[in-house]
Structure formats: structure tokens, C-alpha cells
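For reference, the structure discussed in these notes is given below.
The values are calculated or read from the model by the stated rules, or taken from the named source; none is laboratory data. Quick caveat: nothing in here was measured; it's all calculated off a predicted structure. Reconstructed Cβ throughout: ideal geometry from the backbone, glycine too, with neighbour counts over all protein chains shown.
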């Protein structure tokens, strides 16, 4: 099955971001992708963290959800909507949610980011908990390829990748990691963490990132990639908008798990 990691440099204009996402998704579909993954905050990177609260949608109602549903149906894709802000009971906090739509445009899964990023090195400061409400449920779904294979796909978002126990709970064939990694932390940790999650779970990893300098002044690391269950990077885009394509293979996945059955050797 061909998969696509979509890399963007999202700005502060919702319509412009959706237009760019559609352009890139059309490229992915034209290249034969069956599953496409947009990056975290693909629809909006505001001037301030609080700005995302204004765009928070309710389940089944909202411009971004309509865009994802319509695009999945029109392009006949399994489409993972990176993340979008979803309303919670607390108007001062939103959920950072990753929504999945099947090729008919039906929502089949929603995952709310569990681990919220906080970082302060004296020059850069981030605290997602100031405006986001953490989720609490590991989430996976079944993706049916056109060839009749069923792939178990585990969801996660950005900072989640530092918490290996989440991926053990997912027990998936494919791990999704839409992200907006900072340039500072990405340069140090992005690839090594992604490859570690692929190796220890013997799973494919699709990491779709924000990658560049944004209108709000933030710089994200990019380096969207697809990694195989042996930990090898199959395809990569360093910076700027684009589409990363790779073919994931059930036979190779099974070969890795058979030759080195580490998942069967767990004792804790």
C-alpha cells in the first residue's frame, strides 16, 4: 500500500492552509497514495496559542471537518487530518485532535493528544497545557487497502513520541506521528525517536511534519519521513511543503517480526 506523509508550512489563514493541504493531497492521490497523513496544526498556526480556541469545532460540525470528509471522499483516500482544535467543556481549553476519514468520507477515528509539550530553554518557551486539554485514550483503527489487506494503524501526535509505553498499548502495524516539532528539539531528537519507535514496535512509521519558517515567526523542523519496521528511512523531505511517498509491504513487516520476534519476548 502506498502511503503519503504531507509536509506543510502552515500560516495564520485557515482558507489558505486548506487550499495548500488540498493541493498536496491531490499530488499524493495522483501518485497512487491510499493513506495520506497531514501534519499537526495543518489548518492553522496562529500568532498566539490562544488563537486556536477561536477555531475549535464541535464533533461533526465545522469547516475543517467538512474539508477532511469531502477531500477523503473526492480523492478516494484514507485521510488523517493531522490535528485540528476541537471544543471541550472548558472554553479556555481545546483538544488537539487527529481525525481519520475513510475513502467514503466517513469519520472512523478520533485521537486526542495525550502528552502536552512544555519546553523552556530561556529563549524559546512553549506550554501546550495553557490552552489544550489532554486526552487519555490510546487509539487505533483498521485501514483496508485496495489490495484487501487490513492494517492496524495506531495514532499519536508529536510530543507523544517521547513516551514509548503509548506505542506498546497501540500494538499496531503502522504508527502515525503528525507533528510540529520545534527546530531546536527536532534537530536533536526527531529522527532518533522516530526510528526507535519503528524498531522497538517493528512497525512502519509515517511522520508528517510542519517544516519551515511560519508567518507567526516560529520555525519548525520538518524532515517528514516514512520508516520501515527495521528502522530504515524509506523516504524523507527536509524542509518546505511537499509529499513524501513510500510503499509499505505486509510481507516485509511479517519477515521482520518472524526473524527477530522481539514482540513475543516481552516480559514486562
Regarding the range 33-45, can at least one residue be identified that is modelled with pLDDT of 95 or more, under 21 Å from residue 147 (Cβ atoms) and either surrounded by fewer than 24 Cβ atoms within 10 Å (Cβ to Cβ) or over 15 Å from the mean Cα position of the chain (by Cα) (or both)? yes
Criterion (in contact with a helix residue (DSSP H, G or I) (Cβ under 9 Å, 6 or more places away or on another chain) and without any contact (Cβ under 8 Å) to a residue 60 or more places away in the chain) met by exactly one of 71, 88: 71
Do the conditions hold for residue 116, that is, is it modelled with pLDDT of 95 or more, touching a helix residue (DSSP H, G or I) at 6+ places or on another chain (Cβ under 6 Å) and over 23 Å from residue 238 (Cα atoms)? yes
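Taking the stated definitions as given, is residue 136 touching a strand residue (DSSP E or B) at 6+ places or on another chain (Cβ under 7 Å), surrounded by fewer than 18 Cβ atoms within 10 Å (Cβ to Cβ) and either assigned to a loop (DSSP other than H, G, I, E, B) or free of Cβ contacts under 8 Å to residues at least 12 places away in the same chain (or both)? Full working, then the answer.
On the way: touching a strand residue (DSSP E or B) at 6+ places or on another chain (Cβ under 7 Å): no; surrounded by fewer than 18 Cβ atoms within 10 Å (Cβ to Cβ): yes; either assigned to a loop (DSSP other than H, G, I, E, B) or free of Cβ contacts under 8 Å to residues at least 12 places away in the same chain (or both): yes.
No.
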For the range 168-182, name all the residues that are in contact with a strand residue (DSSP E or B) (Cβ under 6 Å, 6 or more places away or on another chain) and more than 20 Å from residue 38 (Cβ to Cβ). 173
Close pairs (8 angstrom Cβ cut-off, 6 or more residues apart or separate chains): at positive phi and at pLDDT 95 or above in the range 149-161, surrounded by fewer than 23 Cβ atoms within 10 Å (Cβ to Cβ) and not in a strand (DSSP E or B) anywhere: 158/117
Could you grab the pairs with beta carbons closer than 6 Å, sequence gap of 6+ or different chains, first residue in the range 244-268 and on the phi < 0 side of the Ramachandran plot and part of a loop (DSSP other than H, G, I, E, B), second one surrounded by 10 or more Cβ atoms within 10 Å (Cβ to Cβ) and modelled with pLDDT of 95 or more? 248/1; 248/3; 248/204
Which is on the phi < 0 side of the Ramachandran plot, in contact (Cβ under 8 Å) with a residue 24 or more places away in the chain and not in a loop (DSSP other than H, G, I, E, B), of 54, 64? 64
Please verify whether the range 50-61 includes one or more residues that are within 18 Å of the chain's Cα centre (by Cα), buried (at least 19 other Cβ atoms within 10 Å of the Cβ) and modelled with pLDDT of 95 or more. no
